[in-house]
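Input: a single structure, listed below in structure tokens.
The values are calculated or read from the model by the stated rules, or taken from the named source; none is laboratory data. Everything numeric here is computed off the predicted structure, so don't read it as measured data. Cβ placement follows ideal geometry from the backbone for every residue including glycine, while neighbour counts extend to all protein chains displayed. In case anyone asks, the SASA skips ligands and DNA or RNA and just uses the protein heavy atoms, side chains included. Shrake-Rupley method; radii C 1.70, N 1.55, O 1.52, S 1.80 Å.
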Amino acid sequence: MDYVSLLNNEQYQAVTCTEGPVLVSAGAGSGKTRLLTYRIAYLITERHVPAQKILAITFTNKAAAEMKERILKIATDGDLVTVCTFHSFCARMLRAYASFIPGYKENFSIFSEVDSNKIFKDIFKEMNISDEQTKDNFKHNISTIKNENMTVEEFVHIYNFDRSMTEFEKFYRAYQAELMKNNAMDFDDLLVNFYNLIANNSEVLDSIQNKYSYFSVDEFQDTNKLQYDIIKLLASRTQNLLIVGDEDQSIYGWRGANIDNIFQFTKDFKDAKIFKLEQNYRSTKKILDRANLIIKNNKNRLDKKLFTENDDGTDVFYYPAMSETDEADFVVRDIISKHNQGVPYHEMAILMRLNALSRAFEEKLLTYNIPHIMYNGFKFFERAEIKNVLAYLTAIVNPSDDVSFLRIINFPKRGIGDTSIEKISQIAITSKRSIKDVIMNCEYEVLPKPLKDKLIPLRDVLKDLQDNIDKLGVYEFFTYMINKTNILNSFDKENEQEYERLLNINSLVNSVREFEENNPTATIVDYLENVTLSSQMDMDDGNGVVIATVHGAKGLEFDDVYVVGCEEKIFPISRDDNDDLEEERRLMYVAITRAKKNLVLTSSSSRYMYGKREYSVKSRFLYELDLAREREINSNNFVYNKYQYTNTYKNNYNGDNMNTIKSNNNQSFNYTFSRSTVEKKNLDLSKLKLGAKVTHPKFGDGVITEISNNSSNHTVKIKFDKFGEKMLSLDYAPIEFKE
């Protein structure tokens, strides 16, 4: 095989450097999977290394399968190479050497998070621990201990100032004892037990080292301390260890990934050869220029600069929207314009730091009948916290809906567990009543007094809500309900996942406000029906626009990428710690480098947050990218970056289709906005009048109730039979006039 012609010089040097430790710092889109695959093939075909002597560690089963498939195509005996994840390799070895592990048999079970939570629940009950924060802390501590490769004694000693440590140590030991009693390990135990096995048993370590002589690890920037300790020990005999990673794409610090492992490698393996893959095969020059511009601000990195032989491409574009609705409208109209120019929907992606921003884009894509896919996540109205909040509304308007009552009975958490819920359900079944009826009469039911004490506050809240539902408007009642149930205070704002759930609920509040503004006479029932019908619209045809968080999009690439919500407290999330800020910057770098041809970033001047509209501050990253300058907006003329752009911005897209932007040196370029002049060919605008009947493929039948005064902008308000009033542009919306 002609490796010289198949690889660039740096890739070739790394592939052929097979003996001793090697570090490859692989920039985004630089062909690291190709390097890993060809290196394994090179070992087999040129160095005549037996395939079964090679161990390749990946981070996902999908990546392992892809690498295995590639190896099979180019190397004889490629099927004999061990390619797997850390966890699957450890599980395999633990079963093979189970006789060396006290208390375990080779047929041990691997407990999922659900299985572990059942054990946690029992131990909490036995230890009389009811405080939810304490429970969360204890579970988090167990994971920390294992991933940091510590003993419980070491952890307790470090945090001995915490009064709960004595109780935590008992909890930890009880949990581990229960696992062993069940001949089971959790996911973290697979790593811990395997490390202890090879660290404390030279016979086992020798056996594995005799089996494998060459090691490689992909996505090394995402390893935690324990994973690094494992691979370091396995490769300690031959030192033939290749690690491939990109410190600039280390974005999983919140789940234990340790970027310092890359730098620690060069200390532990002092003779390591270092190669930098800086040639990018994915993006245009102008996209890479922005990527280099922002990531250079990070200090904790190896110095490298991406370059490409691809075309210059179009300029990276920044759009400062006035509101989240304006932002979504701009992005979706631009998607329509690009699609009209031939870009497939699946080659376009809307990326965001927080999935709470997705609602506005989902709704706008639905409005214009554009297929879309939520990648690695739930659609907005399918998220658990959203379903839980809406369950309160359903429970009030439909007392017979037991499913909704079961959702709210312990939301927010009030210490009512599965056993208690089962007792309540059993009473309802036996007496042929609803769950609501049992709750509302809880004082008189055959229930333990502690459970009655927990149900009475819920009963009082439900009675109060029932009394007020007909007295208040939809939005007023919804915000009243949010406050009355104390839902917002049940989330920990310091926890990123909890904070995202809180923002999701905030976005839900905004959706109610928008619905009432468009449908002033609507009721709670109307809103719930609108939500239900909207969420059931199946737009996932496999060829849709991708909506994803940046975390979810890592490893993916698209022709056109829209990075939205570029504001302080959103992207980046408010951070005080410099290490956290560097990770946020790496997230922006990852987002930028997903784009192959076109990149657009957006922000909003204000967002509806926590029950009111708040002004937003542009992300510091926009300034680092040289895409925005402070205080440079003046009436209809505003300047951002080096470019001066004049349009009828305040009139919401009522200008020409093509905008010419001039830089300070008077060079100009064109950017086509989504105000495409392409109209529906079969749309007869002579029928456009108040009261005209129309139909929409998703929203059904409706009547035009308002027409924009601007003749060039065919924007109308339509009152749909089932979805209320919506503002739509006839230039884009799939509207047909009815006879």
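List of remarks:
- Those residues of the stretch 227-240 which are more than 24 Å from the chain's Cα centre (by Cα), crowded, with 22+ Cβ neighbours inside 10 Å and over 17 Å from residue 20 (Cβ atoms), in sequence order: 230
- Helices (runs of 4 or more DSSP H) within the stretch 396-499 that include 3 or more residues among the charged types (D, E, K, R) and in contact (Cβ under 8 Å) with a residue 12 or more places away in the chain: 449-468
- The number of residues in the stretch 363-376 being assigned to a helix (DSSP H, G or I) and either over 18 Å from residue 558 (Cβ atoms) or modelled with pLDDT under 90 (or both) comes to 4.
- Just one of the listed residues (276, 304, 270) is more than 30 Å from residue 715 (Cα to Cα) and without any contact (Cβ under 8 Å) to a residue 12 or more places away in the chain, namely 270.
Conditions tested, residue by residue: (1) under 27 Å from the mean Cα position of the chain (by Cα); (2) of a type in the set (Asp, Glu); (3) modelled with pLDDT under 90.
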residue: 10; (1), (2), (3): no, yes, no
residue: 16; (1), (2), (3): no, no, no
residue: 27; (1), (2), (3): yes, no, no
residue: 47; (1), (2), (3): no, no, no
residue: 70; (1), (2), (3): no, no, no
residue: 85; (1), (2), (3): yes, no, no
residue: 101; (1), (2), (3): no, no, no
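- Residues (open to solvent by less than 100 Å² (accessible area, probe 1.4 Å) and either at pLDDT below 85 or outside any helix (DSSP H, G or I) (or both)) located in the stretch 116-132: 127, 129, 130, 131, 132
- On the stretch given as the stretch 330-355, residues that are in a helix (DSSP H, G or I) and open to solvent by 10 Å² or more (accessible area, probe 1.4 Å) total 9.
- Hits in the stretch 594-615 - residues which are modelled with pLDDT under 85 and under 20 Å from residue 329 (Cα atoms): 608, 609, 613
- Residues that are open to solvent by less than 70 Å² (accessible area, probe 1.4 Å) and either out of contact with any Asp or Glu (no Cβ under 9 Å at 6 or more places or on another chain) or basic (Lys, Arg) (or both) within the stretch 413-438 comprise 414, 416, 417, 420, 421, 436, 437, listed in sequence order.
- Whether a residue is β-branched (Val, Ile, Thr) and either in contact with a Gly (Cβ under 9 Å, 6 or more places away or on another chain) or within 30 Å of residue 726 (Cβ to Cβ) (or both) was assessed, and residue 509 passes this test.
- Matching option when the condition is under 20 Å from residue 497 (Cα atoms) and not aromatic (Phe, Trp, Tyr), among 574, 616, 604: 574
- Filtered residues of the stretch 616-649 (kept if out of contact with any Phe, Trp or Tyr (no Cβ under 6 Å at 6 or more places or on another chain) and at pLDDT 90 or above): 616, 617, 618, 620, 621, 622, 623, 624, 625, 626
- Test: residue in the stretch 192-209 that is aromatic (Phe, Trp, Tyr) and out of contact with any His (no Cβ under 8 Å at 6 or more places or on another chain): yes
- When restricted to residues that are open to solvent by less than 10 Å² (accessible area, probe 1.4 Å), of a type in the set (Asp, Glu) and over 20 Å from residue 250 (Cα atoms), the stretch 544-593 contains 2.
- Residues satisfying the stated conditions in the stretch 205-218, i.e. open to solvent by 40 Å² or more (accessible area, probe 1.4 Å) and not hydroxyl-bearing (Ser, Thr, Tyr): 206, 210, 211
- Residue within the stretch 461-482 that is out of contact with any Gly (no Cβ under 8 Å at 6 or more places or on another chain), more than 24 Å from residue 512 (Cα to Cα) and not hydrophobic (A, V, I, L, M, F, W, C) present: no
- Filter result (among the aliphatic types (A, V, I, L, M) and part of a helix (DSSP H, G or I)) within the stretch 252-283: 262
- Enumerated helices (runs of 4 or more DSSP H) restricted to the stretch 1-107, each holding at least 3 residues that are in contact with a helix residue (DSSP H, G or I) (Cβ under 6 Å, 6 or more places away or on another chain), buried (at least 18 other Cβ atoms within 10 Å of the Cβ) and in contact (Cβ under 8 Å) with a residue 60 or more places away in the chain: 32-45, 86-96
- With respect to being in a loop (DSSP other than H, G, I, E, B), open to solvent by 20 Å² or more (accessible area, probe 1.4 Å) and either modelled with pLDDT of 95 or more or more than 19 Å from residue 12 (Cα to Cα) (or both), residue 286 falls outside the description.
- First in the stretch 286-298 and within 20 Å of residue 309 (Cβ to Cβ), second anywhere and open to solvent by less than 60 Å² (accessible area, probe 1.4 Å) and assigned to a helix (DSSP H, G or I), Cβ under 8 Å, 6 or more apart: 287/592; 290/592; 291/589; 291/592; 293/624
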